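**Student:** This structure is in structure tokens; I'll ask about it shortly.
The values are calculated or read from the model by the stated rules, or taken from the named source; none is laboratory data. Because the structure is a prediction, the values reported are computed rather than measured. Here the Cβ is made from the backbone with ideal geometry for all residues, glycine too, and neighbour counts use every protein chain on show. Surface areas here come from the heavy atoms of the whole protein model, side chains and all, with no ligands, DNA or RNA. Shrake-Rupley method; radii C 1.70, N 1.55, O 1.52, S 1.80 Å.
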Amino acid sequence: MKGSYLDFLAEFGISGAHPGGFALTKEVLSAIDLIKGAAILEIGCGTGQTAEYIASSFDCTVTAIDNHPVMVEKAVARLKQKNVEVKYEDAARLSFPDQTFDFVLAESVISFTSSVDQALSGIARVLKKDGVMVAVEMTTEKPLDKEQKKEVQNLYGVTAVLTEEEWIEKFKRAGFHSVTVLKTIDTSTEEKMVEMQPSENIHEELYDIWDAHHAFMERPDNPLNFRAFYCQK
């Protein structure tokens, strides 16, 4: 077995693994004016923590997708009593009709897709006119050198390691006419409560990925940060 960072998250059933954690999710959603009856798409729903929160807290219709079968299985089990449709779907190949959703949420997902540009174009396509996407994505303060980029890509399996400016350029190229970086609380010094729904018989290699992730994040030269982008079509 050759596990990946996404396999690690799926098998351990880790929710709120994105930068800022679930605290950031709730902060961002509280600042968004979700209209009653809004059609919401969550891309990369994981175990369904955020989809469950939205369905319980807002009068909206929620569709949640993920392309990891273990995550989908855990999300389906979690959300079977909620009014949430869970689908196995690739964020870079969305099957929904044009202008289906009012709001799209993607938390540390787009960087992991096979094509960032294709994923963003698809998201813009399925959003209604004046629809909004909030994307929480890893960023760097300056472009990484070749070795730094290779290290990040090898550890996390991401296809894009971008600066804030590079993200904004991609959002606008995909069809978002307005892009704002949301001001968020600093959660770097807070203890994060991570929810876990571990699978049985987790392969030892995935524990190694966990260790490598924590070691990387604790390094003083860790080049990664994050931004929460508010993008309007």
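**Student:** Evaluate the charge dipole of the range 83-233 about its Cα centre and quote only its size in Debye, nearest 20, assuming +1 on the Cβ of each Lys and Arg and -1 on the Cβ of each Asp and Glu.
**Tutor:** 960
**Student:** Too long at a 30 Å Cα-Cα cut-off: which of Lys26/Lys128; Lys87/Lys128; Lys82/Lys129; Lys74/Lys142; Lys128/Lys170; Lys129/Lys150? Write down the numbers at each step before the final one.
**Tutor:** Working: Lys26/Lys128 24 Å; Lys87/Lys128 20 Å; Lys82/Lys129 28 Å; Lys74/Lys142 37 Å; Lys128/Lys170 19 Å; Lys129/Lys150 38 Å.
Table pairs above 30 Å Cα-Cα are Lys74/Lys142; Lys129/Lys150.
**Student:** Classify the range 101-140 as rounded, prolate or oblate, taking a ≥ b ≥ c as the square roots of the eigenvalues of its Cα gyration tensor: rounded when a/c is under 1.5, otherwise prolate if a/b is larger than b/c and oblate if not.
**Tutor:** Since a/c reaches 1.5 but b/c is at least a/b, the shape of the range 101-140 is classed as oblate.
**Student:** Right, here's the next one. Rounded to the nearest 500 deg cm²/dmol, what is the calculated helix-only ellipticity per residue at 222 nm for the chain, with -39500 (n - 2.57) per DSSP H run of length n ≥ 4?
**Tutor:** Computed mean residue ellipticity for the chain: -11000 deg cm²/dmol.
**Student:** If you build the Cα gyration tensor of the chain and take the root of 5 times each eigenvalue, what three semi-axes come out, in whole angstrom, biggest first? Don't skip to the answer; put the middle values down first.
**Tutor:** Details: eigenvalues 131, 98, 56 Å².
Whole-Å semi-axes of the equivalent ellipsoid: 26, 22, 17.
**Student:** Quantify, in whole percent, the carbon and sulfur part of the accessible surface of the chain (1.4 Å probe; protein heavy atoms only).
**Tutor:** 49
**Student:** Right, something else. Taking square-rooted eigenvalues a ≥ b ≥ c of the alpha carbon gyration tensor, is the range 22-121 rounded, prolate or oblate, where a/c under 1.5 means rounded and, failing that, a/b exceeding b/c means prolate? If you can, show how the numbers build up before the last one.
**Tutor:** Values: a/c = 1.44, a/b = 1.19, b/c = 1.21.
Rounded.
**Student:** Compute, for the range 1-146, the length of the dipole vector about the Cα centre, with Cβ point charges of +1 (Lys, Arg) and -1 (Asp, Glu) only. Units Debye, rounded to 20.
**Tutor:** 180
**Student:** Compare the Cα positions of Val134, Asn154, His203 along the charge dipole of the range 125-233 (+1 at Cβ of Lys, Arg; -1 at Cβ of Asp, Glu; about the Cα centre) and return the one farthest towards the positive end.
**Tutor:** Val134
**Student:** Further question: Using a 1.4 angstrom probe, figure out how much accessible area the range 103-164 has per residue, in square angstrom, rounded to the nearest whole.
**Tutor:** Per-residue accessible area for the range 103-164 comes out at 39 Å².
**Student:** Another question, then. Of all DSSP beta bridges located in the chain, what percent are antiparallel, nearest 5?
**Tutor:** 40
**Student:** Where nothing but the Cβ of Lys and Arg (+1) and of Asp and Glu (-1) is charged, how large is the charge dipole of the range 1-82 around its Cα centre, in debye to the nearest 20?
**Tutor:** 160
**Student:** Under the definition of Cα pairs under 8 Å and six or more residues apart, what whole-number percent is the relative contact order of the chain? Display every interim value, and only then the final one.
**Tutor:** On the way: 435 pairs, mean separation 59.6, N = 233.
It rounds to 26 percent for the chain.
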